[in-house]
Amino acid sequence: MRRVYMDANATTPLLPEVMEAMRPYWTEHFGNASSIHLHGQQAHAAVDRARETMAEFFNCHAAEVVFNSGGTEGDNTALFGLLRTGDHFVTTSIEHSAILEAARRLAEKGVETTFVAPRPSGLIDPEEIRRAMRPETRLISVMLANNETGVLQPVEKIGQIARATGAFFHIDAVQGDSDLALDFLARQDIQFPQFAERVEQLA
Ligand SMILES: Cc1ncc(COP(=O)(O)O)c(C=O)c1O
């Protein structure tokens, strides 16, 4: 029987070039990057180089790149790092459980969340986000691409709402394309040219 793997949204095999780039650090320069010995310092230098490469890609400062263990940790860092008792949080009802579970825990700490529902197309209407905003809204979190449907959300427009209201904007881009056009240094409205077109087609 011929089997077809259709769960690439969840995980894919490693690209051979990634395997080759990582091989020296798994086999030879495997030191703990926090150690002061040579092995550690070599690993540390490699992490710094990787940070600079990412900063170049995102056009941001190397010091602004934070590596973590994955999506759940990143989502939790943003939500628990920014939201305090009395804050209001705006997100959507179709976020990954990493966001939804964090919002549930934050409710116990006195953070109220508004969960904006999608339209039947799976798209979040930015106007619904705007309507959910309150003076005490500190953070908006909307995913870039849904992990079940693949629908791309209008993050550019939602980013403009955050900018206009002074709220922070977190994008869970775990399911983003590898060719995202992100430019953080320009500090302009977030630009996803190829996404904007695809979102327009869906709307
Ligand atoms: C949209 C989204 N956010 C967060 C996560 C959690 O990421 P991780 O499994 O790396 O913790 C996933 C995982 O698939 C996801 O699809």
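The values are calculated or read from the model by the stated rules, or taken from the named source; none is laboratory data. All values derive from a computational prediction rather than experimental measurement. Glycine also receives a Cβ, built like all others from the backbone with ideal geometry; neighbour counts cover every protein chain displayed. Side chains are part of the model used for accessible areas, which takes the heavy atoms of the whole protein and leaves out ligands, DNA and RNA. Shrake-Rupley method; radii C 1.70, N 1.55, O 1.52, S 1.80 Å.
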Worksheet item: Using the Karplus equation 6.51 cos²θ - 1.76 cosθ + 1.60 (θ = phi - 60°), what ³J(HN,Hα) coupling, rounded to whole Hz, does each residue of the range 112-121 give in order, writing x for Gly and Pro?
Response: 8, 10, 9, 9, 7, 8, x, 6, x, 6
Worksheet item: Applying 1/(1 + (r/R0)^6) with R0 = 22 Å to the Cβ-Cβ distance of ASN32 and VAL66, what FRET efficiency is obtained, to the nearest 0.05?
Response: 0.70
Worksheet item: Which residues make up the longest stretch of the chain that has no GluC sites (Glu not before Pro) in a DSSP loop with at most 14 other Cβ atoms within 10 Å?
Response: 29-135
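When 1/r is averaged over all different Cα pairs and the result inverted, which Kirkwood radius in Å belongs to the range 40-176?
About 16.0 Å, per the Kirkwood formula over Cα pairs.
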Practice prompt. Could you pull out the longest piece of the chain with no exposed loop trypsin sites (Lys or Arg not before Pro) in it, calling a site exposed if DSSP puts it outside H, G, I, E, B and it has at most 14 other Cβ atoms within 10 Å?
Written response: 4-83
Item to complete: Please work out how much length the chain gains when fully extended from LEU15 to ARG131, using 0.36 nm per residue of separation minus the C-alpha to C-alpha distance, in nm with one decimal.
Response: 37.5 nm
Fill in: Share of carbon and sulfur in the accessible heavy-atom surface of the chain [1.4 Å probe, %]
55 percent
Practice prompt. Rounded to the nearest Å, what's the spacing between the alpha carbon centres of the range 21-94 and the range 128-164? Just the number, please.
Written response: 24 Å
Discussion item. Below 8 Å, C-alpha to C-alpha, sequence gap of six or more: please give me the relative contact order for the range 24-130 in percent.
Written reply: 16 percent
Item to complete: Pick out which of THR11, THR91, THR72 has the largest mean-square fluctuation in a Gaussian network model of the chain, springs linking Cα atoms closer than 10 Å.
Response: THR11
Discussion item. Can you list residues from other chains, or at least 5 along the same chain, whose modelled amide H is less than 5 Å from the amide H of VAL116?
Written reply: THR91, THR92, SER93
Worksheet entry | Average accessible surface area per residue within the range 50-156, 1.4 Å rolling probe, Å² | 51 Å²
Item to complete: Order the following by accessible area, largest value first: ILE94, ILE158. Probe radius 1.4 Å; ligands, DNA and RNA are ignored.
Response: ILE94, ILE158
Practice prompt. Run the dipole for the chain about the Cα centre, Lys and Arg Cβ at +1, Asp and Glu Cβ at -1, nothing else charged, and hand back the magnitude in debye, nearest 20.
Written response: 400 debye
Practice prompt. Could you list which residues have their amide H under 5 Å from that of VAL111, counting only those 5 or more apart in sequence or on another chain, with H placed in the peptide plane?
Written response: GLY86
Worksheet item: What list of ³J(HN,Hα) couplings, whole Hz, do you get for the range 129-144 from phi and the Karplus terms 6.51, -1.76, 1.60, once you set θ to phi - 60° and write x for glycine and proline?
Response: 5, 4, 5, 7, 5, 10, x, 8, 6, 9, 8, 10, 10, 9, 6, 6
Worksheet item: If the chain between MET6 and GLN42 were fully stretched, how many nm would it gain, using 0.36 nm times the residue separation less the Cα-Cα distance?
Response: 9.1 nm
Fill in: Once exposed loop chymotrypsin sites (Phe, Trp or Tyr not before Pro) are cut out (DSSP; at most 11 other Cβ, 10 Å), longest piece of the chain
68-203
